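**Student:** A single structure is presented below for examination.
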Amino acid sequence: GKEGIARAVHENSKRASKNFVAINCAAFGRDVLESELFGHEKGSFTGALNRKIGLFEHANGGTIFLDEIGDMPIELQVKLLRALQEKTIQPVGGVARKIDFRIVAATHCNLKALAEQNKFRQDLYYRLKYLTVDVPPLRERPEDIEPLVRHFLGQMEAKAGQKKSISDEAMRRLKSYCWPGNVRELENTLELGLILADPGGAIELNHLFPLHS
């Protein structure tokens, strides 16, 4: 998935020893998103009872992944562009300060079309378009499904402390499904399958709700 690719970019770079932080820009309103990204000072607005360190500062020296950047409010895009150009961030109610970060951004939108419609800042679009990685939907790369399943099962084994497996029939169904929710849907389906499976048993087709119907 997108975040997995962003994390791989980080872990295979000179920034790997520093933080990788991720945020979905579509999950917050403008004011909350600004505070999440840039932080705020105590008393800078009603309810700001303590100083908050933003994700950009947490990513100092490392990488920040901005998922669904096409949904970022255009007013906040101005502040993001300034951060990119000047390598500074300004917390709400605070003073600007220099930090070192790399941005990896992802979106389901056509940013070029949005920029042409003035729904996304063109200067920010071209600033972000330094290097583009096209990630096809999972249905267009079924050869990735089995490796992803093995990867997620390995993660679940590590958490549970016991071996997790899947039947051949269940694997065939996973590989033939269209996955409108892409990698995240696949991971969630496996997690649910493990909950429904017998303790210590394999994930069977009837555990892959609703794929078994």
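The values are calculated or read from the model by the stated rules, or taken from the named source; none is laboratory data. Note that this is a predicted model, so its numbers are computed, not measured. Here Cβ is always computed from backbone atoms with ideal geometry, including for glycine, and neighbour counts include all displayed protein chains. Keep in mind that these areas ignore ligands, DNA and RNA; they rest on the heavy atoms of the full protein, side chains included. Shrake-Rupley method; radii C 1.70, N 1.55, O 1.52, S 1.80 Å.
**Student:** So if I take the alpha carbon set of the chain, get Rg, then get Rh from the Kirkwood formula, what is the Rg over Rh ratio?
**Tutor:** Radius of gyration relative to Kirkwood radius: 1.05.
**Student:** If you don't mind, there's one more thing I want to ask. Take segment 1-62, drop everything but the C-alpha atoms, weight them equally and run the Debye formula without solvent; then report log10 I(q)/I(0) at 0.12, 0.17, 0.27 Å⁻¹ to two decimals.
**Tutor:** Treating every Cα as an identical point scatterer, log10 I(q)/I(0) equals -0.38, -0.67, -1.10.
**Student:** Right, here's the next one. At a Cα cut-off below 16 Å, give the lysines reachable from residue 52, other chains included and same-chain residues fewer than 8 away excluded.
**Tutor:** Leaving aside lysines fewer than 8 places away in the same chain, those within reach of residue 52 are 42.
**Student:** Sticking with this one: Tell me the net charge near residue 165. Cut-off is 14 Å between Cβ atoms, residue 165 excluded, with +1 for each Lys or Arg and -1 for each Asp or Glu.
**Tutor:** Local net charge: -3.
**Student:** Charges only on Cβ, +1 for Lys and Arg, -1 for Asp and Glu: so what's the dipole of the chain about the Cα centre, in debye to the nearest 20?
**Tutor:** Computed about the Cα centre, the dipole is about 840 debye.
**Student:** Would you mind getting me the FRET efficiency between residue 12 and residue 71? Use the beta-carbon distance for r and R0 = 25 Å, nearest 0.05.
**Tutor:** Here the calculated transfer efficiency is 0.35.
**Student:** From the P(r) of segment 25-120, could you give the percentage of C-alpha pairs in the tail past 16 Å?
**Tutor:** Tail fraction, whole percent: 56.
**Student:** Can you tell me the FRET efficiency between residue 81 and residue 211 if r is taken as the Cβ-Cβ distance and R0 is 41 Å, rounded to the nearest 0.05?
**Tutor:** With a Förster radius of 41 Å, E is 0.45.
**Student:** For segment 67-197, what is the number of Lys pairs with C-alpha distance below 21 angstrom, counting only pairs 8 or more positions apart or on separate chains?
**Tutor:** The result is 10.
**Student:** Calculate, for segment 97-203, the solvent-accessible area per residue in square angstrom, rolling a 1.4 angstrom probe over the heavy atoms of the protein chains.
**Tutor:** Value returned for segment 97-203: 64 Å² of accessible area per residue.
**Student:** If you take every residue apart from residue 116 with its C-beta less than 14 Å away from the C-beta of residue 116, what net charge results, scoring Lys and Arg +1 and Asp and Glu -1?
**Tutor:** My count for the surroundings of residue 116 gives +3.
**Student:** If exposed chymotrypsin sites (Phe, Trp or Tyr not before Pro) are those in a DSSP loop with at most 14 other Cβ within 10 Å, what is the longest stretch of the chain that has none?
**Tutor:** By the stated rule (loop sites, at most 14 other Cβ atoms within 10 Å), 46-129.
**Student:** So what is Rg over Rh here for segment 151-213, counting just Cα atoms and using Kirkwood for Rh?
**Tutor:** 0.94
**Student:** What trypsin sites (Lys or Arg not before Pro) in segment 146-211 are in a loop by DSSP, with at most 16 other Cβ atoms within 10 Å of the Cβ?
**Tutor:** 163
**Student:** While we're looking at this one, here's another question. Would you mind getting me the FRET efficiency between residue 88 and residue 141? Use the beta-carbon distance for r and R0 = 30 Å, nearest 0.05.
**Tutor:** My answer for the efficiency is 0.15.
**Student:** Compute the Rg to Rh ratio over segment 87-176 from the alpha carbon atoms, using the Kirkwood formula for Rh, and round to two decimal places.
**Tutor:** On the Cα set of segment 87-176, Rg over Rh gives 1.18.
**Student:** For residue 101, what is the net charge nearby, where nearby means another residue's Cβ is under 11 Å from its Cβ and Lys, Arg count +1, Asp, Glu -1?
**Tutor:** Taking every other residue near residue 101 into account, the sum is +3.
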